[in-house]
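**Student:** This structure is in structure tokens; I'll ask about it shortly.
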Amino acid sequence: AQSVTQLDSQVPVFEEAPVELRCNYSSSVSVYLFWYVQYPNQGLQLLLKYLSGSTLVKGINGFEAEFNKSQTSFHLRKPSVHISDTAEYFCAVSDGQAGTALIFGKGTTLSVSS
Amino acid sequence: GAVVSQHPSWVICKSGTSVKIECRSLDFQATTMFWYRQFPKQSLMLMATSNEGSKATYEQGVEKDKFLINHASLTLSTLTVTSAHPEDSSFYICSARAGGMDTEAFFGQGTRLTVV
């Protein structure tokens with residue numbers, strides 16, 4: 001079964017600093033990877049996804065992630081964060097089979113302060 | 001992107017009563033819907049997968065008689081928490097996929113259930 005490990009439960013950072021949220025997944029023949037953001041008491045919003053093609057994926061709100069098959073990683077990055085980026089971030093994986101659910105990591109709390 | 005609407009967004013019920021949560025795909029047909037449960041400060045735990053017109057597949061440890069899932073149409077799935085108890089209080093989130101190999105999952109806004 002697929003699994004996802006988010007290595008950092010909390011990441012505090014100052015405004016305008018760069019940030020990287022780490023995500024590793026268990027290896028599979030084919031894998032689709034996602035990053036979602038969740039604000040308090042809300043559902044999930046898709047930031048970006050990797051399905052195939054270019055390993056560098058650009059998403060919304062200035063976020064990007066790089067798929068690294070050899071390291072089974074899909075780390076999320078942003079060169080300059082804002083206070084409004086404070087939220088919970090989830091990495092998720094799917095094996096791509098029709099009808100299968102996304103499996104989520106435990107989440108990383110990004111706290112941006114001034 | 002596609003829209004998944006979940007209703008209600010929050011509900012308070014008395015212990016022993018049942019609560020129904022609806023999940024609707026508004027602008028696409030969802031062949032498969034998923035129900036997740038999220039405890040405070042924790043990740044989303046998959047509860048069950050429902051396919052239109054067939055019985056739901058529950059994850060290990062999830063009581064199917066307590067969490068009744070119905071996916072009667074391609075745009076609606078419901079989760080009924082039967083005989084709710086305080087320990088069932090949680091944030092429930094549904095997700096829907098239109099089908100195919102690489103379609104992303106779209107999420108509802110979640111339902112905060114509090115059992116008193």
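Where a number appears in this text, it was derived from the coordinates with a stated rule and is not lab data. Worth saying up front: this structure is predicted, and the values here are computed from it rather than measured. Here Cβ is always computed from backbone atoms with ideal geometry, including for glycine, and neighbour counts include all displayed protein chains.
**Student:** Among strands (runs of 3 or more DSSP E) lying entirely in the range B:65-116, which contain 2 or more residues that are over 19 Å from A:Leu44 (Cα atoms) and away from chain A (no Cβ under 13 Å)? If you could, list the steps in order and put the result at the bottom.
**Tutor:** On the way: elements: B:67-73, B:76-81, B:90-97, B:111-115.
Hits in the range B:65-116: B:67-73, B:76-81.
**Student:** For the range B:8-41, enumerate the residues that are exposed (fewer than 14 other Cβ atoms within 10 Å of the Cβ) and in a strand (DSSP E or B).
**Tutor:** Once the filter is applied, which keeps residues that are exposed (fewer than 14 other Cβ atoms within 10 Å of the Cβ) and in a strand (DSSP E or B), the range B:8-41 yields B:Trp10, B:Ile12.
**Student:** Could you check the range A:92-114 and list, in sequence order, the residues that are within 18 Å of A:Ser52 (Cβ to Cβ), surrounded by 16 or more Cβ atoms within 10 Å (Cβ to Cβ) and of a type in the set (A, V, I, L, M, F, W, C)?
**Tutor:** Hits for the range A:92-114 are A:Ala92, A:Val93, A:Leu102.
**Student:** How many residues does the range A:27-48 contain that are of a type in the set (Ser, Thr, Tyr), facing chain B (nearest Cβ under 10 Å) and either free of Cβ contacts under 8 Å to residues at least 40 places away in the same chain or over 19 Å from A:Val112 (Cβ atoms) (or both)?
**Tutor:** Qualifying residue count for the region: 2.
**Student:** Determine which member of the set A:Phe67, A:Phe104, A:Phe63, A:Phe74 is in contact (Cβ under 8 Å) with a residue 24 or more places away in the chain, hydrophobic (A, V, I, L, M, F, W, C) and facing chain B (nearest Cβ under 8 Å).
**Tutor:** A:Phe104
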